[in-house]
Amino acid sequence: MNSLLPYQPIGVFDSGYGGLTVLRELVGALPDYDYLYLGDNARTPYGTRSFETVYDYTLECVTYLFEQGCPLVILACNTASAKALRNIQQLDLPLLYPGATPDALPTRRVLGVIRPTAETIGQYTQTGHVGILATNGTVTSESYLVEIAKFFPELIISQEACPMWVPLIENGESGHPGADYFVKQHLDRLLARDPQIDTLLLACTHYPLLLPKLRAALPATIRPISQGPIVAQSLVDYLNRHPDLAEQCSRQGTRHFLTTDSPTEFSRQASLFWGEPVVAEKVVF
Ligand code: DGL
């Protein structure tokens, strides 16, 4: 029955390319679903922008994905999850779709990446000391501190904003020697604040591209954790718990990529994050 549905993909949103590291894991875990990715490359980075700006941009992109038929949108961007998710869930969805209660069909849902990460991060640490590497926006929102405290109040959490990492990655420098300085700078600062950290959460969708450098710079006792697999497992669980929503998502196994900036540039850069070239289309709101 599901395959006869009209095109109703799972929307995946990010400020740019980074969300592709999450989409890759979602596709690996749930390959049958259709996915529609939107990168707001024209307005990236979000990590340095104000709460209001990130919220406005994110709402515009999420609304666009709903208009394309997505019953469910994943904010695969920590900054957007930190600054926009709660307002969109609590204020905008009820206004945009007054019938969209958990019992009403068709529905519209938006999920972020912070809560699923917070729910599981305590499983990785032996020392109970966790480091969080993220954008300025995510760090100053304190969303991880608040969410992790709900599930693992005993954990000691230290945050470090790494404002140079996204530009380095976006400019193709993540594998080059110049990146070593900035990787070491932020790791040293964080570990000086808490030498007992044994678990390092990469709380920005771009950062998995720095994993080889992080692993080389970190002692073997510290484990870097990427979010993609955590978010994918969380989506598997969520769709199992919400079969009504799962039924609304079409399953032809397609993947489409949209960008608010140049599709040619998106196609070129996206292969860094996706692992192979993609064909992208430009959207204008
Ligand atoms: N995708 C964003 C995140 O996960 C980082 C990139 C940006 O600053 O726009 O926080």
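The values are calculated or read from the model by the stated rules, or taken from the named source; none is laboratory data. The structure displayed is predicted, hence computed values, not measured ones. Don't worry about glycine lacking a Cβ; one is built from the backbone with ideal geometry, like all the others, and counts go over all protein chains shown.
Over 19 Å from Leu20 (Cα atoms), at pLDDT 95 or above and either among the small types (Gly, Ala, Ser) or under 17 Å from the mean Cα position of the chain (by Cα) (or both), is that true of Ala104?
On the way: over 19 Å from Leu20 (Cα atoms): yes; at pLDDT 95 or above: no; either among the small types (Gly, Ala, Ser) or under 17 Å from the mean Cα position of the chain (by Cα) (or both): yes.
So Ala104 fails the test.
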Run down Gln269, Gln248 and say which single residue is surrounded by 22 or more Cβ atoms within 10 Å (Cβ to Cβ) and more than 18 Å from Val130 (Cβ to Cβ). Gln269
Those residues that are touching a Phe, Trp or Tyr at 6+ places or on another chain (Cβ under 8 Å) and not in a helix (DSSP H, G or I), I need them from the stretch 160-193; list them, please. Cys162, Met164
Of the criteria (1) without any contact (Cβ under 8 Å) to a residue 60 or more places away in the chain; (2) surrounded by 13 or more Cβ atoms within 10 Å (Cβ to Cβ); (3) more than 22 Å from Leu38 (Cβ to Cβ), which one Asp237 fails: (2)
Here is a check on your reading of the model: is Ala216 small (Gly, Ala, Ser) and part of a helix (DSSP H, G or I)? yes
Restricting to the stretch 107-140, name every residue that is over 16 Å from the mean Cα position of the chain (by Cα), among the β-branched types (Val, Ile, Thr) and either at pLDDT 95 or above or closer than 20 Å to Arg49 by Cα (or both). Thr125, Thr127, Val130, Thr140
Scan (1) small (Gly, Ala, Ser); (2) within 18 Å of Thr58 (Cα to Cα); (3) modelled with pLDDT under 95 for the single condition Ser143 breaks and write down its number. (3)
Residues of the stretch 187-213 classified as buried (at least 21 other Cβ atoms within 10 Å of the Cβ), free of Cβ contacts under 8 Å to residues at least 60 places away in the same chain and within 16 Å of the ligand (Cβ to nearest atom), total: 1
Residues located in the stretch 131-159, provided they are in contact (Cβ under 8 Å) with a residue 24 or more places away in the chain, in a helix (DSSP H, G or I) and either among the aromatic types (Phe, Trp, Tyr) or within 12 Å of the ligand (Cβ to nearest atom) (or both): Asn136, Gly137, Thr138, Ser141, Ser143, Tyr144, Phe151
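This table checks each residue for (1) within 17 Å of Thr79 (Cβ to Cβ); (2) among the hydrophobic types (A, V, I, L, M, F, W, C).
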{"site": "Thr135", "(1), (2)": "yes, no"}
{"site": "Val139", "(1), (2)": "yes, yes"}
{"site": "Pro153", "(1), (2)": "no, no"}
{"site": "Ile156", "(1), (2)": "no, yes"}
{"site": "Trp165", "(1), (2)": "yes, yes"}
{"site": "Gly175", "(1), (2)": "no, no"}
{"site": "Leu191", "(1), (2)": "no, yes"}
{"site": "Asp198", "(1), (2)": "no, no"}
Considering the stretch 144-171 alone, what residues qualify as being small (Gly, Ala, Ser) and over 16 Å from Tyr124 (Cβ atoms)? Ala149, Ala161
Residues that are at pLDDT below 95 and touching a helix residue (DSSP H, G or I) at 6+ places or on another chain (Cβ under 9 Å), drawn from the stretch 230-246: Leu245
Can you run down the residue pairs with Cβ atoms below 9 Å, 6 or more apart or on separate chains, where the first is in the stretch 263-285 and in contact (Cβ under 8 Å) with a residue 40 or more places away in the chain and under 19 Å from Cys61 (Cα atoms) and the partner is surrounded by 12 or more Cβ atoms within 10 Å (Cβ to Cβ) and basic (Lys, Arg)? Phe266/Lys282
